[in-house]
Each structure stands twice: as structure tokens, then as C-alpha cells.
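Read the structure below first, then the notes.
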Amino acid sequence: METNWTLDPIYKGIDDAEFLRDLGDFPAKVEALNSWARENLTGTPCAEVCEEYINRKNALEYYSTIGIYLQLGLSVDTENAALQRLMDKYEGIAALCAVHEALFLQWIKGCGDFSFIQKSDTLKQHEFFIREQAQLATHTLSPDKELIISRLKTTGSTAWQKLWEQASSTADVEYNGEVLTLSQIRALADNSDPDVRKNAYLAELAAYPRFESAAAFAMNGIKGEVLTTSEMRGYDSALDEVLLQSRIDRKILDALLDAVNESLPAFRRYFDKKAEVLGDKNGLEFCDIFAPINDACINYTLDGAKQAVLDAFYGFDRELGAFAENEFAQKRLDLLPKKGKVGGAFSEAVHGRKQGRYLINFTGSFNDAVTIAHELGHGYHSHLLFENSFLNSDYPMPIAETASTLCENIFINHAMTLADEKQQIYILETDIQGAAQTLVDIYSRFLFEDRVFELRREGSLSARELCDIMTDAQKRTYGRLGSYHPYMWACKPHYYDADYNYYNFPYAFGMLLSKGLYAKYLRDREGFMPMYNKMLAATGSMKLADVAGLAGIDLYSRDFWLSGVKLITQDIDRLIKML
């Protein structure tokens with residue numbers, strides 16, 4: 001089985017004639033749209049000009065393929081200097097898009113009742129985009145200022161992000177006479193041997209001081225930039241900016257976080273029971289959070305994991321299974337950890353080529369197979385949006401984690417049907433373990449980031465202060481543990497992307513929404529997929545409350561979120577009885 005993805009269907013290399021042509025054409029295409037915008041985006045908004053802008057913008061978005069291609073290459077080879085130079089060049093050109101984007105926002109802000117939208121089929125198809133842009137326009141600076149921010153970002157937050165990526169992906173971790181990467185050492189967290197887990201945890205913690213200063217400087221630089229730009233644009237906070245971009249509001253977030261808080265006592269019962277089973281006398285040790293609960297560990301070869309995912313997906317829906325099988329066949333997954341490859345996992349949609357790519361760091365565990373299902377869930381979501389225009393295919397963070405989490409549920413529930421009693425305990429505990437990460441740990445990361453933004457207003461934070469903030473956040477969510485992980489801020493990529501602040505609560509959003517969707521599937525198996533596909537296809541052109549409404553779900557209802565928590569609590573109580 002091929003373990004490296006192929007990027008050739010995107011471009012055959014940086015010397016490929018098509019790549020060189022597109023990169024060469026990109027500056028002129030951006031300047032052409034900027035010039036057109038300066039000449040035409042004046043006066044009262046009208047149908048003809050708005051339609052022309054949308055058509056031109058959709059066409060220009062094709063060139064985002066260049067940046068995605070380079071980023072994919074760098075994600076598996078972070079020290080590739082040639083790719084990095086080209087990425088710098090691409091980002092410098094892409095930053096100039098701020099001109100026409102700001103001009104359009106300034107122009108559309110002056111529209112009246114949007115009645116001109118009804119004069120064109122193109123405008124009708126992009127009505128949500130137009131109205132959303134008008135709302136965002138109230139938080140947009142003049143085109144000159146937006147251009148300055150965009151260009152400075154390439155040597156500001158983007159550069160800090162690259163520093164963190166390089167430092168974390170190449171950090172050496174000394175373990176048992178070997179030198180491992182952070183991804184490799186963190187993969188030992190679910191090893192069945194308690195000494196391996198503990199020693200790996202200690203080796204991991206010992207590695208962070210080697211790059212903690214770089215990570216802290218990157219964190220301060222990125223969060224400081226976000227605070228500055230969000231304030232300049234008139235937001236009360238970085239969180240308010242994220243909520244607007246996420247197409248939800250504070251009431252929805254508060255309802256979600258209230259439900260997460262309600263779940264904490266049940267999870268603490270689970271942590272205490274797991275500590276008892278493992279013999280952790282002072283409370284569950286952090287190195288044992290991912291420990292197997294019994295000796296019925298389920299491990300996979302790569303071929304075995306692939307087949308298990310396909311069997312689960314085909315058992316749920318033939319279209320979903322066929323989609324996943326095609327992604328494997330087209331060599332779109334990069335599966336194994338290696339030096340220079342970023343940690344974690346992600347899915348990337350290449351809209352210009354109507355295909356996806358999936359980065360995995362597979363080590364053979366059950367959780368790794370779950371991760372493959374998760375990332376392919378992202379891909380299926382993007383697949384349903386490929387027929388939409390670029391401007392109607394951009395969906396916000398919270399809904400991004402719904403399809404992926406539903407696919408986790410599909411895989412886990414299928415695995416349960418094949419398992420004996422001991423394996424069912426293992427799978428059920430693994431599922432609860434994942435829920436703990438998505439609700440408890442994610443909530444700690446939300447509290448951490450919220451506190452960092454609050455304190456960063458007063459000045460830079462040292463690595464030690466960041467460790468203290470993280471530990472405090474973990475105590476508030478996990479409760480009493482035998483130990484904590486103070487460096488969780490230094491190994492999570494979401495903190496280091498200025499475009500994705502608070503990329504934590506979307507996981508909780510996605511998990512609890514997916515629980516509600518799965519319950520609907522159990523009630524109406526035949527009618528579920530048409531409704532689900534329609535819902536996912538609408539995520540690029542609706543507010544999330546309206547998207548959920550297509551499935552009969554009220555996101556403002558605290559009771560809805562608690563219904564998902566109730567399902568998890570029932571599983572926790574069931575596990576405790578089984579143990």
C-alpha cells in the first residue's frame with residue numbers, strides 16, 4: 001500500500017510548465033482585478049457590477065491551488081528551502097488581494113435593500129455571500145490599510161507560524177537511546193506498557209524547553225497581531241470576530257459551553273474510575289489519559305485500517321464508502337510519520353482540482369484508524385461542495401468538525417458490532433476517551449486561549465507563564481489529576497494560525513451536533529443521507545442556525561446540546577458498570 005500521497009494531479013512539481021505558468025500569471029490576474037475594482041467599485045451598488053465582481057473573483061480563486069500545493073509539500077518537508085521561497089512569493093502576491101476585497105466591502109456597505117440581487121441568477125446564487133460581505137464590511141478598514149495589514153502579515157504572523165512549524169516538526173526527543181520526533185513520542189501515549197507511557201511523557205516534556213522560547217515568541221507575535229487588527233476593525237474582542245466569521249453568535253456559543261460544563265462531572269467520574277483501574281493512586285496521571293483500559297487493544301496494519309474504514313463507511317452508506325475507496329485509490333493520503341513532517345492530522349480541499357488530500361501520522365493504533373475516518377469525513381464534506389462556486393464553498397470552523405466527527409461515530413459503532421466483550425470495553429473506553437478530548441481537553445484549550453488574549457493585551461507572556469495558564473485551564477476542566485501537561489500550548493498547531501483563532505470550541509460543536517445527527521440516522525436510515533448531503537452542501541451559503549434547521553435542529557436550544565451530552569454520560573455510566 002502506498003503510504004505517501006501524490007501531488008502530481010495538482011502540479012507535477014515546481015518545474016512543471018503548468019505550475020510555472022500559473023505562478024507567472026497570478027500577479028497579473030490579481031492586479032487586473034484590483035484595477036477593475038478601483039475603476040468600477042464606486043457609487044451605488046448595482047446588479048451588473050456586482051455580478052462582474054463575483055465572476056472575476058470566482059475565476060481568481062483558481063490560483064489558490066498554487067498556495068495549497070506548496071503548503072501540502074511543506075507539510076511533509078518543512079525544511080524544503082525551494083518550496084518555502086515559492087510560498088513566500090505566492091503569499092506576497094496573494095496579500096495584494098486585500099485591495100479588491102476591501103474595495104468590494106467598502107462598496108457593498110453602501111447598498112440599500114439588496115433588491116438588485118433579484119435581477120441576476122448569479123447574484124441570487126450568491127445572495128448569502130453578498131449579504132455576509134455587507135455585514136463584514138462594517139468591520140473593514142480602508143483598502144490602503146487592509147493592504148498594509150495583509151502585506152505585513154507575511155513577515156508577521158505567517159512568519160511566526162512557519163517558525164513554530166519548523167521548530168516543532170524538527171525537535172529532537174531523546175528516548176531509550178533513540179532520537180524521535182514529537183509526533184513519534186506522542187504516539188506512545190496509548191502504549192499498553194505503563195513504563196513506556198510514563199517515560200515517553202517525561203521525554204516529551206524534556207524536549208519542549210529546547211524550543212519553548214521560539215514557540216512563546218511565535219505565540220506572542222501571532223496573538224498580538226490578532227489583537228491589534230481585531231481592535232482596528234472595531235471588534236470588541238478576537239472572539240467576537242471569530243463568532244462572526246463562524247456564522248454563529250454568543251447565544252449559540254454560550255448554550256454549547258453550558259452543555260460542556262454540564263458534562264464535566266461525568267467525565268471526572270470516568271477519570272477517577274480509570275485511575276482506579278490503572279492503579280494511579282493520586283488521580284489519573286496525564287501520561288495515562290490515552291492508556292488502554294484492558295489488554296484487548298485493537299491494532300491495525302495500514303491495510304487493515306484501510307479495510308476497516310471502508311467496511312464501516314460502506315455499511316453506513318454506499319456513496320460514502322465509494323468516496324473513501326476512491327481517495328485511497330488515487331493516493332491522496334500521506335500516512336506515516338517522518339522527520340520534517342508536521343504532527344497531527346488534517347484534510348485539505350483543493351477546490352481548483354475538485355479533490356482532497358489527507359495528512360495522517362499512522363502508528364497502528366485504533367485511534368489512528370479513527371483519525372483516518374475523521375479526516376475522510378472532512379473530505380466527503382468538501383466533495384459535496386466541489387460543484388459549488390469558490391465563493392459558495394467556504395464553510396466556517398464549527399460546521400467543519402461535524403462531518404468528520406460523524407464519520408468517527410460511524411467507524412466506532414461499526415467496530416463495536418465486530419467486537420467481543422473485552423474489545424467492546426476497549427472500544428467504548430476509546431470512544432469516551434475521544435469525547436473527553438473533544439469536550440474536556442478542548443474546553444481547557446478554549447479557556448487557555450481566552451486567557452492568553454486577555455493577558456497579551458498587557459504585554460508578552462513568557463514560556464513559564466504560558467505553562468502556568470495551561471495547567472490552570474486543565475485543572476478547571478479535568479479536575480483533580482495526578483499530573484498535567486503544561487506544554488500543551490507548544491504542540492497544538494491551532495494556536496499558531498492568525499486566521500483560525502479559537503479553533504477549539506468548533507470540535508465540541510461538531511461532536512455534539514454529530515451526536516444529534518447520528519440519532520436522526522437511527523430513526524430514519526433511508527431518509528438520512530439525502531437530508532445530510534443537502535445540509536453539508538448548504539454550509540457554504542447559510543448561517544449555521546439555518547444549516548442545522550435543515551435537519552430540524554435548534555442551535556440556540558441548550559436542551560439540544562444537552563441531549564448530546566446525555567448520550568455521552570450514558571456511555572460513561574455503562575463503561576463504569578462494565579468495569
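The values are calculated or read from the model by the stated rules, or taken from the named source; none is laboratory data. Fair warning: this is a prediction, and the values are worked out from it, not measured in the lab. Because the Cβ atoms are built from the backbone with ideal geometry, glycine has one as well, and the counts that use them run over all protein chains shown.
Among helices (runs of 4 or more DSSP H) entirely within region 167-251, having at least 2 residues that are farther than 30 Å from residue 561 by Cβ, touching a residue at least 40 places away in the same chain (Cβ under 8 Å) and of a type in the set (S, T, N, Q) singles out 182-186, 212-232.
For beta carbons closer than 6 Å, sequence separation of 6+ or different chains, a first residue in region 550-579 that is under 18 Å from residue 266 (Cα atoms) and a second that is hydroxyl-bearing (Ser, Thr, Tyr) and surrounded by 15 or more Cβ atoms within 10 Å (Cβ to Cβ), the qualifying pairs are 565/263; 572/270.
Answer yes if at least one residue in region 37-48 is surrounded by 15 or more Cβ atoms within 10 Å (Cβ to Cβ), at pLDDT 95 or above, in contact with a His (Cβ under 8 Å, 6 or more places away or on another chain) and part of a helix (DSSP H, G or I), and no otherwise. Within region 37-48, one or more residues are surrounded by 15 or more Cβ atoms within 10 Å (Cβ to Cβ), at pLDDT 95 or above, in contact with a His (Cβ under 8 Å, 6 or more places away or on another chain) and part of a helix (DSSP H, G or I).
Select from region 48-81 the residues that are farther than 18 Å from residue 105 by Cα, of a type in the set (Val, Ile, Thr) and free of Cβ contacts under 8 Å to residues at least 60 places away in the same chain and list them in ascending order. Walk me through it before giving the result.
Of the residues in region 48-81, the ones farther than 18 Å from residue 105 by Cα are 59, 62-81.
Next cut, of a type in the set (Val, Ile, Thr) only: 65-66, 68, 76, 78.
The one that is farther than 18 Å from residue 105 by Cα, of a type in the set (Val, Ile, Thr) and free of Cβ contacts under 8 Å to residues at least 60 places away in the same chain: 66.
In summary, residue 404 fulfils each of the numbered conditions (1) farther than 30 Å from residue 217 by Cβ; (2) surrounded by fewer than 20 Cβ atoms within 10 Å (Cβ to Cβ); (3) polar (S, T, N, Q) with the single exception of condition (2).
Using the structure shown, decide if residue 556 is surrounded by 19 or more Cβ atoms within 10 Å (Cβ to Cβ) and either out of contact with any Asp or Glu (no Cβ under 9 Å at 6 or more places or on another chain) or in the same structural domain as residue 426 (by TED's automatic domain parsing) (or both). Full working, then the answer.
Numbers: surrounded by 19 or more Cβ atoms within 10 Å (Cβ to Cβ): no; either out of contact with any Asp or Glu (no Cβ under 9 Å at 6 or more places or on another chain) or in the same structural domain as residue 426 (by TED's automatic domain parsing) (or both): yes.
No, not satisfied.
Look at residue 448 and say whether it is out of contact with any Ser or Thr (no Cβ under 9 Å at 6 or more places or on another chain), within 19 Å of residue 300 (Cα to Cα), assigned by TED's automatic domain parsing to the domain that holds residue 323 and crowded, with 20+ Cβ neighbours inside 10 Å.
Details: out of contact with any Ser or Thr (no Cβ under 9 Å at 6 or more places or on another chain): yes; within 19 Å of residue 300 (Cα to Cα): no; assigned by TED's automatic domain parsing to the domain that holds residue 323: yes; crowded, with 20+ Cβ neighbours inside 10 Å: yes.
Against the criterion (out of contact with any Ser or Thr (no Cβ under 9 Å at 6 or more places or on another chain), within 19 Å of residue 300 (Cα to Cα), assigned by TED's automatic domain parsing to the domain that holds residue 323 and crowded, with 20+ Cβ neighbours inside 10 Å), residue 448 does not qualify.
Quick grid of which residues meet (1) at pLDDT below 95; (2) small (Gly, Ala, Ser); (3) in contact with a Lys or Arg (Cβ under 8 Å, 6 or more places away or on another chain); (4) surrounded by 14 or more Cβ atoms within 10 Å (Cβ to Cβ):
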residue: 115; (1), (2), (3), (4): yes, yes, no, no
residue: 126; (1), (2), (3), (4): no, no, no, yes
residue: 129; (1), (2), (3), (4): no, no, no, yes
residue: 134; (1), (2), (3), (4): yes, yes, yes, yes
residue: 140; (1), (2), (3), (4): yes, no, yes, yes
residue: 144; (1), (2), (3), (4): yes, no, no, no
residue: 148; (1), (2), (3), (4): yes, no, no, yes
residue: 151; (1), (2), (3), (4): yes, no, no, yes
residue: 161; (1), (2), (3), (4): no, no, no, yes
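For region 341-354, does any single residue satisfy the condition of being at pLDDT below 95, touching a strand residue (DSSP E or B) at 6+ places or on another chain (Cβ under 8 Å) and under 18 Å from residue 427 (Cα atoms)? No, every residue in region 341-354 fails to be at pLDDT below 95, touching a strand residue (DSSP E or B) at 6+ places or on another chain (Cβ under 8 Å) and under 18 Å from residue 427 (Cα atoms). Scanning region 175-195 for residues that are over 27 Å from residue 76 (Cβ atoms) and of a type outside the set (Gly, Ala, Ser) yields a total of 3.
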